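The values are calculated or read from the model by the stated rules, or taken from the named source; none is laboratory data. Just so we're clear, the structure is a prediction, and the values are computed from it rather than from any experiment. Counting neighbours? That spans all protein chains shown, and the Cβs are built from the backbone with ideal geometry, glycine included.
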Amino acid sequence: MAENELMINGHTVGFTPGQTILEAAQAVDIWIPTLCHLKGATPTGACRICLVEVAGARALQPACATPAVAGMRVRTESEKVVEARRLVLELLLASGNHNCAVHNDNGQSWTDFQLDVQRHDGSNDLCPVWGECRLQDLAFRYQVTSGRFKPEPGAYPTEMANPLIVRDFSRCILCGRCVQACNEVQVNRAISHGYRGTRSKIVAAGDRTLAESECVFCGECIQACPVGALVEKKSRYQWRPWQETTVRTTCPYCGVGCQQLLHVQDGRIVKVTGVEKAEPNQGRLCVKGRFGYDFIYSEERLKTPLIREKDGFREASWDEALDLVATKLKQIIAESGPGALAGVSCARSINEDSYNMQKLFRAALKTNNIDHCART
């Protein structure tokens with residue numbers, strides 16, 4: 001075996017010095033499950049679901065935090081590995097309210113199960129991320145039920161004290177992805193780990209609400225959460241992945257050009273996520289990009305040009321409105337010179353539109369009185 005090569009499931013795999021076993025495996029499309037791993041953040045090995053068997057090691061190793069070493073022989077789905085993952089999943093399913101239809105085979109009917117959900121959640125609906133939960137996906141893959149360990153009730157109530165994010169601590173698996181997304185990706189440092197043992201939780205501002213913390217509500221924690229502990233309040237119970245279509249677009253709020261995925265259901269946007277592995281934002285969004293899509297459905301939104309007449313406005317065609325603007329601009333230049341003109345470009349405009357705006361004023365209208373408005 002050559003230098004900087006290891007063996008994974010009998011296949012020779014090259015790696016770059018500094019890579020982990022997980023990164024080396026992912027580079028050649030060898031699947032290893034993860035829950036706590038967040039690309040670009042410091043590996044923690046917290047969830048233990050990525051355990052692999054390394055020849056010669058005394059115990060199973062977390063692939064996300066174990067450096068790749070030349071000559072390693074790794075097995076990702078051995079009997080010992082699968083048994084360990086099944087145990088981890090059973091413990092996670094029993095760690096809170098994970099009503100994802102992965103329940104024991106005690107003869108309980110689906111109707112009884114739904115009634116249990118209603119009693120516990122105060123809702124007829126299953127978990128708001130049912131069908132898009134990584135824990136649920138792994139439980140199905142490894143055929144894990146939640147009957148061996150008694151489920152522990154949530155120690156903390158659900159936090160609803162802000163208009164954008166629901167924090168359901170009963171569904172939190174303490175993987176730490178939200179903390180890393182906040183502290184290492186967005187660098188807002190609004191949340192952290194708090195308390196110990198069965199009282200452990202993700203805290204903000206010394207265990208206060210997000211609204212009372214330094215949180216800027218970018219929602220990166222929601223996108224990082226692999227379960228239903230963090231969800232958008234506006235789309236909670238209004239959206240299911242099998243009912244949606246996704247449309248990739250560019251965020252309309254500034255000239256950065258962040259890439260978004262619009263999740264559309266019944267012809268309406270129900271949530272927005274950042275496009276992973278896409279420049280320039282690499283999945284990140286700000287509060288406006290992630291949550292500020294309601295304006296497109298406002299009844300007050302202008303849909304046609306308006307021309308002021310006396311004390312009111314009347315609707316006009318684009319040709320009439322543009323002709324009127326051009327006439328007025330020419331009139332002002334003729335009477336007072338180009339210095340009497342000024343233009344303001346909206347910060348929501350894309351860079352190309354702002355460029356054309358300044359070119360119009362500087363090249364065509366012969367004035368440098370051009371600025372942009374940062375208000376959105």
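The table that follows gives values for the structure above.
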read-out: So V179, is it under 17 Å from the mean Cα position of the chain (by Cα), part of a strand (DSSP E or B) and at pLDDT 95 or above; value: no
read-out: Test for W239: is it outside the structural domain of F169 (by TED's automatic domain parsing), more than 18 Å from the chain's Cα centre (by Cα) and either on the phi < 0 side of the Ramachandran plot or aliphatic (A, V, I, L, M) (or both); value: no
read-out: Test: residue in segment 125-132 that is loosely packed, with under 13 Cβ neighbours inside 10 Å, of a type outside the set (K, R) and at pLDDT below 95; value: no
read-out: Residue identified as touching a His at 6+ places or on another chain (Cβ under 7 Å) and among the aliphatic types (A, V, I, L, M) among A347, A321, A278; value: A347
read-out: Extreme residue, farthest from P151 (Cα to Cα), among residues of segment 86-101 that are touching an Asp or Glu at 6+ places or on another chain (Cβ under 9 Å) and of a type outside the set (G, A, S); value: N99
read-out: Qualifying residue in segment 236-253 (condition: of a type in the set (A, V, I, L, M, F, W, C) and touching a helix residue (DSSP H, G or I) at 6+ places or on another chain (Cβ under 9 Å)); value: yes
read-out: Scope segment 14-45; condition buried (at least 19 other Cβ atoms within 10 Å of the Cβ) and in a loop (DSSP other than H, G, I, E, B); matching residues; value: F15, I32, P33, T34, L35, C36, H37, L38, P43
read-out: Tally of residues being touching a residue at least 60 places away in the same chain (Cβ under 8 Å) and either among the charged types (D, E, K, R) or touching a helix residue (DSSP H, G or I) at 6+ places or on another chain (Cβ under 9 Å) (or both) across segment 176-195; value: 6
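Conditions (1) over 17 Å from the mean Cα position of the chain (by Cα); (2) under 21 Å from L135 (Cα atoms); (3) crowded, with 19+ Cβ neighbours inside 10 Å, marked per residue:
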site	(1), (2), (3)
E184	no, no, no
C218	no, no, yes
P226	no, yes, yes
Q243	yes, yes, no
